[in-house]
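Single-structure report; data block below.
Nothing in this text is a laboratory measurement; each read-out follows from the coordinates by a stated rule. Predicted, not measured: the structure shown is a model, and the values here were computed from it. FYI the Cβ positions are ideal-geometry reconstructions off the backbone, even for glycines, and counts take in every protein chain you see.
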Amino acid sequence: MPKLSESEKIALEFIEEYLSKNGYPPSFREIAEACGFSSKSSVHKLLRRLEAKGFVELVPGEARGIRLLRPAKGIPVLGKIPAGEPLIPYEDLEEVVPIDPSFFGGGRLFMVRVRGDSMKDAGILPGDLVVIRPQEEAFSGDIVAALIYEPEPYVTLKRLKISQGRIELHPENPVYEPMIFSKEEVENGKLKILGVKVGLLRKG
């Protein structure tokens with residue numbers, strides 16, 4: 001992970017805390033006031049450095065156009081993910097778990113908190129934090145976080161199987177039935193792979 005200066009670390013931690021509390025990023029003025037910078041132009045230069053190091057993305061022409069790519073430390077928890085009955089996914093950052101991403105191969109990662117028991121036979125239990133590497137493609141046999149758009153958008157955690165042009169999402173609990181999508185349904189955007197499981201944390 002690229003090294004941060006003290007001012008960069010202060011600003012990035014403020015952005016993370018602000019996002020966690022409010023669900024949207026702070027303005028340049030708020031960053032300047034909270035972190036003791038002399039002007040908005042100073043904040044802009046600092047954010048450009050953070051962007052070059054891969055921590056944020058600046059979105060031109062967008063109010064509060066700061067997109068957090070990775071935290072200063074740890075792995076962000078993006079919300080609860082159902083592993084049983086479908087639920088609308090949460091979008092807000094819940095917290096940042098202070099663990100080095102290199103334990104799971106490094107790069108941009110996020111965690112989701114599981115509820116439901118459809119993956120219990122794979123050792124994934126309610127309350128677990130599953131570490132996900134964001135990517136839109138996966139191999140048959142991978143455990144994936146998938147976004148399903150119909151009838152209402154929801155996210156689920158299942159084992160991916162690719163068979164004869166079909167995409168199948170299989171639970172690891174015989175109580176639940178697999179979800180099967182045709183090639184046409186995938187091409188029409190009914191299903192999107194959000195990422196692949198690369199690790200798991202369990203408290204207690």
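Scan around Ile143 for amide H atoms under 5 Å from its own, H built in the peptide plane at 1.01 Å from N, and keep only partners 5 or more places away or cross-chain.
Close amide H contacts, sequence-distant or interchain: Leu160, Lys197.
Taking Lys53 as the anchor, which lysines have their alpha carbon closer than 23 Å to its alpha carbon, excluding any fewer than eight residues away along the same chain?
Lys3, Lys9, Lys40, Lys45, Lys73
Report, in degrees rounded to the nearest 10, the 0 to 90 angle that the Cα long axis of helix 6-22 makes with the longest principal axis of the chain.
Tilt relative to the chain: about 50 degrees.
Among (i) 23, 22, 18; (ii) 36, 18, 15; (iii) 32, 19, 14, only one was calculated for this model; which label is it, if the read-out is semi-axes √(5λ) of the Cα gyration tensor in Å?
Recomputing semi-axes √(5λ) of the Cα gyration tensor in Å here gives the entry labelled (ii).
When only Cα pairs under 8 Å and 6 or more residues apart are kept, what is the percent relative contact order across the chain?
16 percent
Determine the dipole magnitude for the chain: charges of +1 sit on the beta-carbon of Lys and Arg, -1 on that of Asp and Glu, nothing else is charged, the reference point is the Cα centre, and the result goes in debye to the nearest 20.
On the way: 29 positive and 30 negative charges, 133 e Å.
My answer is approximately 640 debye.
Lys/Arg Cβ at +1, Asp/Glu Cβ at -1, dipole of the chain taken about the Cα centre: which of Ile99, Ser41, Leu68 is farthest positive-ward?
Ser41
Which value in deg cm²/dmol, rounded to the nearest 500, describes the helix-derived mean residue ellipticity at 222 nm for the chain, given -39,500 (n - 2.57) per DSSP H run of n ≥ 4 and division by the residue count?
Value at 222 nm, helices only: -6500 deg cm²/dmol.
Quick one: Karplus J couplings for the range 110-118, per residue in order, coefficients 6.51, -1.76, 1.60, θ = phi - 60°, nearest Hz, x for Gly and Pro?
Computed from phi, the couplings for the range 110-118 are 9, 10, 10, 9, 8, 10, x, 10, 6 Hz.
Across the range 173-187, in residue order, what do the Karplus-derived ³J(HN,Hα) couplings come to in whole Hz, using 6.51 cos²θ - 1.76 cosθ + 1.60 with θ = phi - 60° and x for Gly and Pro?
Coupling constants for the range 173-187: 7, x, 5, 9, 9, x, 9, 10, 10, 6, 4, 5, 5, 5, 5 Hz.
Taking the range 75-201, how many lysine pairs are there with alpha carbons less than 17 Å apart, if each pair must be eight or more places apart or span two chains?
Step by step, the pairs that qualify in the range 75-201 add up to 13.
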